[in-house]
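K.L.:
Structure provided below as structure tokens; questions to follow.
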Amino acid sequence: MQAEILMKCQLKASFVAVGKQTARWKDIVQNADQYVNSLCNLAEQLESCEKVPDEAAFLKDFPELKSRLRFKLLEEMEKILGTLRKTLCSLQEVSNSVNRQYTTSMNTYQTHAADLGIPKVTERSATEPSMADMLEWLCDIDRTVREHYLQKQFLLDTITYDDTRQIQNLHSSWTQGGDLDSVVMGIMAHLQFFLEDT
Amino acid sequence: MSESSTGKGSGKRRKSSGTPRKSDSSSPSPAKSPSVNYAKLSPGAKRVRDVAADWHNLIQRWEVLNSSGASLTNKIVNCKLTNIESKAAAEVTVEKTSAAASTAAAGGTGGAPDASGMSEELGGLCNQLTDTYTAMAKLVEKMEKLTSNLKGQWELQQYQSDKDDSEPSILFQTWPIQHFYEVSAELSEMYIKELKLKLAISENIAHLSDRHTMMFLTSSWLHQPYIDARSGLLLESMLIETGHR
């Protein structure tokens with residue numbers, strides 16, 4: 001059936017694209033790791049700067065030292081946050097891309113829904129999942145990617161320089177998104193035969 | 001440390017070269033300078049051009065020393081923190097095993113083999129830090145010489161223009177020599193203050209025990225609070241004016 005072939009082609013293309021996008025996501029997050037580490041480091045230095053007692057002996061010779069150092073540290077942190085925001089833009093592109101794949105597939109399905117019929121759509125075989133399953137998986141991946149992106153956006157938006165503890169914990173919060181990889185890998189494992197089929 | 005002079009035709013051998021180092025590929029050699037024809041410069045202008053190049057080289061060398069000093073301060077602080085932690089751990093163990101024993105004595109003997117090894121390492125690191133500081137002090141000395149060189153040239157020009165009743169001449173594009181001197185003096189000032197700070201850090205860092213204070217000193221060394229962002233602007237504008245960029 002024409003509609004069936006169309007639908008399967010569309011799904012195949014979508015999953016291939018989604019696979020590439022999630023690999024890109026992984027790369028971007030890995031590259032951002034060094035910046036997150038630097039930010040945590042600087043936050044620790046800022047905390048120490050704040051907590052140094054003003055009566056310390058050497059500070060008497062350098063009255064403006066604390067405020068100067070604070071300025072420099074904040075300047076560095078601003079630079080790093082700028083880089084992380086650019087990273088966030090790239091992640092947003094990935095999220096949008098995955099979303100586009102999902103909506104295209106859904107549109108294709110809805111266009112041909114009458115022709116396909118529910119039995120065809122839900123038919124599974126040993127080597128091929130059903131189209132309904134695949135659409136559901138696309139939806140899952142889209143949702144997971146979107147959630148992770150929003151999480152990271154929230155983390156960056158709520159950073160304040162006064163709360164250095166929060167920044168120091170940024171690293172653990174940032175890397176919590178590791179389970180995106182396992183979700184996608186699990187789904188792709190089901191699709192192995194389907195994608196290899198020409 | 002000394003480099004041979006470039007073919008300037010002045011016949012003088014200088015310790016530091018008159019052009020920025022070849023490792024800096026972004027600055028053109030004198031012959032290719034876009035806005036300044038080196039051969040047509042007056043001797044005074046040539047001297048000022050050399051001063052600008054020397055400033056660039058000195059600052060590059062300072063940055064290298066700063067990085068090595070920063071890693072040394074990190075190591076010293078880590079050394080001290082491990083020392084403190086191991087002493088604290090030894091004391092805790094002693095308290096647990098015998099309630100009657102005096103913690104000071106037992107903690108001391110328990111930690112003594114570690115402590116002597118640690119303090120040797122610490123001593124070595126501190127010596128290296130002092131050496132780094134000494135090298136930086138030499139750089140600052142050279143920076144001050146550059147400034148006084150420019151001051152001398154400015155005063156000479158003033159004297160000459162007083163005699164001739166003429167306007168102060170522009171050496172390159174827009175700057176009179178007074179401006180070169182002012183820029184150089186401002187840069188020297190920053191580096192002198194920074195050097196004072198580094199002396200204080202190198203003297204105090206090994207004698208502290210508070211974690212925050214140690215981290216404060218380490219980050220003060222690394223981030224150079226007395227070298228403003230303006231220093232980059234001043235150096236670049238001096239290099240652009242003299243045709244090095």
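K.L.:
Where does each of A:54-62, B:220-228 land if you order them by average Cβ count within 10 Å, highest first?
P.N.:
B:220-228, A:54-62
K.L.:
Helix-only mean residue ellipticity at 222 nm, chain A, DSSP H runs n ≥ 4 weighted -39,500 (n - 2.57), per residue, nearest 500. What is it?
P.N.:
After summing the helix terms and dividing by the residues of chain A, the value is -28500 deg cm²/dmol.
K.L.:
Describe numerically, in nm with one decimal, the distance between label points set 7 Å from Cα along Cα→Cβ at B:VAL64 and at A:VAL16.
P.N.:
It is 5.3 nm.
K.L.:
For the stretch A:26-149, what does the relative contact order come out to in percent, with C-alpha contacts under 8 Å and a separation of six or more?
P.N.:
Here the relative contact order equals 28 percent.
K.L.:
Also, quick follow-up: Hey, can you find the accessible area per residue of the protein assembly as shown for me, probe 1.4 Å, expressed in square angstrom?
P.N.:
53 Å²
K.L.:
While we're looking at this one, here's another question. Among the listed pairs A:LYS60/B:LYS96; A:LYS66/B:LYS75; A:LYS12/A:LYS79; B:LYS40/B:LYS145; B:LYS151/B:LYS196; B:LYS40/B:LYS142, which are separated by more than 31 Å between their Cα atoms?
P.N.:
Violating the 31 Å limit, Cα to Cα: A:LYS60/B:LYS96; A:LYS12/A:LYS79.
K.L.:
Averaged across the residues of A:53-66, what count of C-beta atoms belonging to other chains lies within 10 Å of each residue's C-beta?
P.N.:
Per residue, the average neighbour count from other chains is 4.
K.L.:
Under the definition of partner shielding as Cβ atoms of other protein chains within 10 Å of a residue Cβ, what is the mean value for peptide B:125-138? Before the final figure, lay out the partial values.
P.N.:
Working: counts 0, 0, 0, 0, 0, 0, 0, 0, 0, 0, 0, 0, 0, 0.
Neighbouring Cβ atoms belonging to other protein chains average 0 per residue here.
K.L.:
Restricting things to alpha carbons, find the Rg to Rh ratio for the protein assembly as shown using the Kirkwood radius for Rh.
P.N.:
Answer for the protein assembly as shown: 1.16.
K.L.:
Could you work out the Rg to Rh ratio of the stretch A:84-170, with Rh taken as the Kirkwood radius (inverse of the mean 1/r over all Cα pairs)?
P.N.:
Working: Rg = 19.0 Å, Rh = 15.6 Å.
Taking Rh as the inverse mean 1/r over Cα pairs, Rg/Rh reads 1.22.
K.L.:
Which value does Rg/Rh take for the stretch A:46-132 over its C-alpha atoms, Rh per Kirkwood?
P.N.:
Here the Rg-to-Rh quotient is 1.55.
K.L.:
I would also like to ask the following. Among A:111-119, B:192-200, A:24-32, what's the highest-first ranking by average C-beta atoms within 10 angstrom per residue?
P.N.:
B:192-200, A:24-32, A:111-119
K.L.:
So how much slack lies between B:ARG211 and B:GLU236, counting 0.36 nm per residue of separation and subtracting their Cα-Cα distance, in nm? Intermediate values should be presented prior to the final figure.
P.N.:
On the way: separation 25, 0.36 × 25 = 9.00 nm, distance 3.81 nm.
The B:ARG211-B:GLU236 span can extend by a further 5.2 nm.
K.L.:
For B:ASN78 and A:THR158, what does the FRET efficiency come to when R0 = 30 Å and r is the distance between their Cβ atoms, rounded to the nearest 0.05?
P.N.:
The calculated FRET efficiency here is 0.40.
K.L.:
Further, regarding this structure: Tabulate in residue order the Karplus-calculated ³J(HN,Hα) for the stretch B:139-144, using 6.51 cos²θ - 1.76 cosθ + 1.60 with θ = phi - 60°, rounded to whole Hz; enter x for Gly and Pro.
P.N.:
Each residue of the stretch B:139-144 in turn: 4, 5, 4, 5, 4, 5 Hz.
K.L.:
To the nearest whole number, what is the average tally of beta carbon atoms from other chains within 10 Å of the beta carbons of peptide B:219-232?
P.N.:
Partner-chain Cβ atoms within 10 Å, mean over residues of B:219-232: 5.
K.L.:
Additional query: Express the Stokes-Einstein translational diffusion coefficient of chain A in µm² s⁻¹, to the nearest whole number, given a Kirkwood radius over alpha-carbon pairs, 25 °C and a viscosity of 0.890 mPa s.
P.N.:
On the way: Rh = 19.8 Å.
Rounded, D is 124 µm²/s.
K.L.:
Now, a different point. So how much slack lies between A:SER172 and A:ASP27, counting 0.36 nm per residue of separation and subtracting their Cα-Cα distance, in nm?
P.N.:
50.4 nm
K.L.:
Straight-line reach from B:LYS87: which aspartates and glutamates have a Cα under 19 Å away, not including same-chain ones fewer than 8 places off?
P.N.:
B:GLU95, B:ASP114, B:GLU120, B:GLU121, B:ASP210
The values are calculated or read from the model by the stated rules, or taken from the named source; none is laboratory data. Note that the coordinates shown come from a computational prediction; the quantities given were computed from them, not determined experimentally. Ideal geometry is used to build each Cβ from the backbone, glycine not excepted, and the neighbour counts take in all protein chains shown. Heavy atoms of the whole protein, side chains included, go into the accessibility calculation; ligands, DNA and RNA do not. Shrake-Rupley method; radii C 1.70, N 1.55, O 1.52, S 1.80 Å.
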